[in-house]
Amino acid sequence: MLNGFVLPVEQFDAATRFFSEFDPHRPLRVAALGPKTTKPDVFLNGVANAAEAIRSFSKYDVQLVLVSHLEMFLLDDVDSVSLKKARAIVGELPVFWEAPPKKAEQTIALIASHNSDKDTPKFGYKLRTGGVTADAFPTSAQIARALVAAATHQLPIKFTAGLHHPIRQFRDEVKTKMQGFLNVLGAAVLAAEHQWDADQAVTMLEDEDPRSFSFTDDFFAWRDWNIDTERLQHRRKFVRSFGSCSFDEPREDLRALGFL
């Protein structure tokens, strides 16, 4: 279940003292988090600094440290020219660009246009699905539109924040309903597999009944919709992962539901 450790590039040096905990059979897998810039003139400098930090970090031991990709926030007024310049800076390194949920469709279309160049390594989109306050949580409709847009453009998408629990539920600590990671990941793959519209995706995102979800060795299903494991593996190229500060809660909830 546990994949890369999300590590801000400015904390790379501090992480080196833990290298002795890892070995070539169990390397330190890192998803690098770049700086958040607010001005166009420093955006590309931020990309360059992050790329250089990743190169330096990886040189410690190529068998011990694996940086899978960079995650970084896009400026509001970023354009295709800036994306091309960013790609020239990062080279082959995969990058997931984050933008506010309300701009998801616009951002996904921009990234997809960049990706249309067959010779260019693909960029992905990072969707923020929550936070520590109620206003940090996007609506189900915003998430649904992002999922459908990513599926339409066959754009890799990953998620961050707010997905501590498998099934959507109200949580007192944030005074709102938190999206379930089974809802979000499931809706993402099923929307792509069955060409759902946003309304259908919203229905799944807002389902709070664990009995709607089922798993076998052969398929994953939500209500009457399913996807077999072979197709699920294919969709995993596009529906990548979710980042969370919680690791115990997801496993405890899955066990309580009988899923794990």
Could you count how many residues in the range 213-245 are touching a strand residue (DSSP E or B) at 6+ places or on another chain (Cβ under 9 Å), in a loop (DSSP other than H, G, I, E, B) and open to solvent by less than 100 Å² (accessible area, probe 1.4 Å)?
2
Among the residues in the range 83-93, are any over 25 Å from A146 (Cβ atoms) and of a type in the set (A, V, I, L, M, F, W, C)?
yes
Is at least one residue of the range 22-34 of a type outside the set (S, T, N, Q), at pLDDT 95 or above and open to solvent by 20 Å² or more (accessible area, probe 1.4 Å)?
yes
So how many residues does the range 11-38 have that are over 14 Å from Y60 (Cβ atoms) and touching a residue at least 40 places away in the same chain (Cβ under 8 Å)?
1
Only one of L2, L64, L7 is open to solvent by less than 100 Å² (accessible area, probe 1.4 Å), under 30 Å from K102 (Cα atoms) and not basic (K, R), namely L7
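Would you mind finding the one in E71, E105, E52, E92 that is closer than 30 Å to P27 by Cα and assigned to a helix (DSSP H, G or I)? It would help to see each step written out before you state the result.
Details: E71 fails: assigned to a helix (DSSP H, G or I); E105 fails: closer than 30 Å to P27 by Cα; E92 fails: assigned to a helix (DSSP H, G or I).
Criteria check complete, one pass: E52.
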Enumerate the pairs (first residue in the range 238-260 and under 16 Å from R29 (Cα atoms); second residue anywhere and part of a helix (DSSP H, G or I)) with beta-carbon separation below 9 Å, excluding pairs fewer than 6 apart on the same chain, so at least 6 apart or on different chains.
S241/L185; F242/F181; F242/V184; F242/L185; S244/F181; S244/P250
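The values are calculated or read from the model by the stated rules, or taken from the named source; none is laboratory data. Since we're looking at a predicted model, the values are computed, not measured. Note that each Cβ is placed from the backbone with ideal geometry, even for glycine, and that neighbours are counted across all protein chains shown. When the accessible area is computed, the model is the full protein with side chains, heavy atoms only, and any ligands, DNA or RNA have been set aside. Shrake-Rupley method; radii C 1.70, N 1.55, O 1.52, S 1.80 Å.
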